[in-house]
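Worksheet: the structure to be examined is printed underneath.
The values are calculated or read from the model by the stated rules, or taken from the named source; none is laboratory data. Everything numeric in this text was worked out from a predicted model, so none of it was measured. All Cβ positions, glycine included, derive from the backbone under ideal geometry; neighbour counts span all protein chains shown.
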Amino acid sequence: MLKIWRWYKHCLAAHPLKTQVLSSGIIWGLGDLAAQAVTRATAAKKKYVFLSDDDCDLRINWRRVVTTSIFGMAFVGPIGHFWYEGLDRFLMFRLQYPPKSMQFVATKVALDEIIFGPMDLLIFFTYMGFALGKSAAQVKDELKRDFLPALIVESGTWPVVQVINFRFVPVRYQLLYVNLFCFLDSCFLSWLEQQQDASWKQWFRSLFFDRNDRRGG
C-alpha cells in the first residue's frame with residue numbers, strides 16, 4: 001500500500017488533472033459494481049426493492065459500470081479538481097480568510113453544499129438517464145423521483161465529511177479524500193436510481209411534487 005501511495009503522489013505531482021480524472025473514473029466504476037451487488041443482495045431479502053429489467057439478470061451490467069465510470073472521469077475528476085483548488089484561492093485571496101480557520105472551513109463547506117452538491121446530483125441523474133437510453137420524459141420523472149431523497153440524505157452526511165476534509169486534508173488530496181467517500185456515495189446513488197418507484201420514494205414525491213401538482217391544477 002505504501003508503494004501505491006508513493007506512486008499516486010508522484011502521479012499527482014507530475015500530472016494532477018490526469019491523475020484526478022483517472023482515479024475518479026476507477027472509483028466511481030468500482031462503486032457501481034458494489035452498488036449492483038448490494039441491490040441484488042437486498043432484493044433477495046426484501047420484497048419491496050424494485051429492480052429494473054436490466055438489473056434482474058444476475059450478471060454484471062457492464063454498461064452501467066462503464067457509464068458511471070465515465071461520469072467520474074468526465075465530471076467528478078476535472079470539475080472536482082478545479083472546484084476545490086478554486087474554492088481555496090477564492091477564500092484565501094478574495095475573501096482573505098485564514099486557511100483552515102473556522103470561518104474558512106465553514107464557508108467552504110457551505111458553498112460546496114449549496115453549489116456543488118445539488119449540481120452533482122442533477123447532472124448525475126440526468127446523465128445516467130440519457131446515457132442508458134431513456135427519453136427526456138423518463139429522465140424528468142426520475143429526477144422528480146430520485147433527486148430530492150438523494151439531496152436530503154446527502155445533506156445530512158456530506159457536511160461532516162467535508163468539515164474533516166477542508167480542515168485537515170491538504171487541498172491537493174481533497175478530491176482523493178472525496179472520491180474515497182464517493183465510492184460509498186456512488187453505491188448509494190446507483191442503488192437509489194435502481195429502486196424505481198419504491199414506496200419510500202413515492203412518499204417523498206407525494207410530500208413535495210404531488211402537492212405542487214394539485215395546486216397547479
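Suppose the filter is surrounded by 13 or more Cβ atoms within 10 Å (Cβ to Cβ) and over 30 Å from Asp32 (Cβ atoms); does Phe90 pass it?
Details: surrounded by 13 or more Cβ atoms within 10 Å (Cβ to Cβ): yes; over 30 Å from Asp32 (Cβ atoms): yes.
Taking the combined requirement at face value, the residue satisfies it.
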Filter result for Gly80 (within 19 Å of Phe166 (Cα to Cα), crowded, with 17+ Cβ neighbours inside 10 Å and at pLDDT below 95):
yes
Conditions (1) more than 16 Å from the chain's Cα centre (by Cα); (2) surrounded by fewer than 16 Cβ atoms within 10 Å (Cβ to Cβ); (3) at pLDDT 90 or above -> Phe166 fails only (2)
Practice task
Could you tell me whether any residue of the range 124-136 is surrounded by 14 or more Cβ atoms within 10 Å (Cβ to Cβ), over 21 Å from Asp32 (Cα atoms) and among the basic types (Lys, Arg)?
Solution key: no
